[in-house]
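The values are calculated or read from the model by the stated rules, or taken from the named source; none is laboratory data. Just so you know, these numbers come straight off a predicted model, no measurement behind them. All Cβ positions, glycine included, derive from the backbone under ideal geometry; neighbour counts span all protein chains shown.
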Amino acid sequence: MDILKNLELKIAEAIKHFKEQLAGIRGGRPSSKLVEDVPVEYFGQKLTIKQLGSISIIPPREIQISVWDRNAASAVLKAIESSNLNISANLESSLIRINLPSLSGERRQELIKVAKKEAEEARIKIRGIRDEINKEINRQFSACARGASASAGKGGSASAGEEKKISEDDKFKFKEKVQESVDKTNEEIEKILENKIKEIEE
């Protein structure tokens, strides 16, 4: 059913957005995910850092970005410094160095709160998708039922049950499938959040 396919696409998009939001929250160890999707304005185009250079991790707390086009290096540096990552970077020719300070206990708790907020927003988004899909199921069922009644009123030979594309039983089955997908997605959100919290606490 197209409705359930639409559900899968919307959920996948919501999870992708959730992961992207968490990637922007730094953990206890440096990660390329922290900076790779930072948007960069370059010659009228909006690109990401991973499209403009290679990212390396230098233990214990350094991220290096080797910008392929030297002319783009200053734009990458500006993008990092103007992002909401609260990190500073140094530019040496086409190489950008980011030294991440260790996280204090207080800062870790702040970041965990931000991660939990993102998870709650993701759950709210999923609930909204569920409600939207259920309304569409109801709409299609009602439209089919009205069509069947109109056909019967004109002397059509098909019964209402035969005319419906979505029977009442099917309507509830589809809604059950929707809820199953939502429950599974909420479990996935919780696992992603747990992994992020572990990353912050490292």
Being of a type in the set (D, E, K, R), surrounded by 18 or more Cβ atoms within 10 Å (Cβ to Cβ) and touching a residue at least 12 places away in the same chain (Cβ under 8 Å) narrows it down to one residue among E62, E36, E118; which is it? E118
Tell me the residue from I166, I197, I137 that is in contact with a Phe, Trp or Tyr (Cβ under 9 Å, 6 or more places away or on another chain), modelled with pLDDT of 80 or more and not acidic (D, E), please. I137
Of the conditions (1) in a loop (DSSP other than H, G, I, E, B); (2) more than 17 Å from I200 (Cα to Cα), L85 clears all except one; give me its number. (2)
Qualifying residues in segment 65-74 (those that are surrounded by fewer than 17 Cβ atoms within 10 Å (Cβ to Cβ) and out of contact with any helix residue (DSSP H, G or I) (no Cβ under 8 Å at 6 or more places or on another chain)) - the one farthest from S32 (Cα to Cα): N71
Within segment 50-71, does at least one residue satisfy the condition of being out of contact with any Phe, Trp or Tyr (no Cβ under 8 Å at 6 or more places or on another chain) and under 30 Å from E132 (Cβ atoms)? no
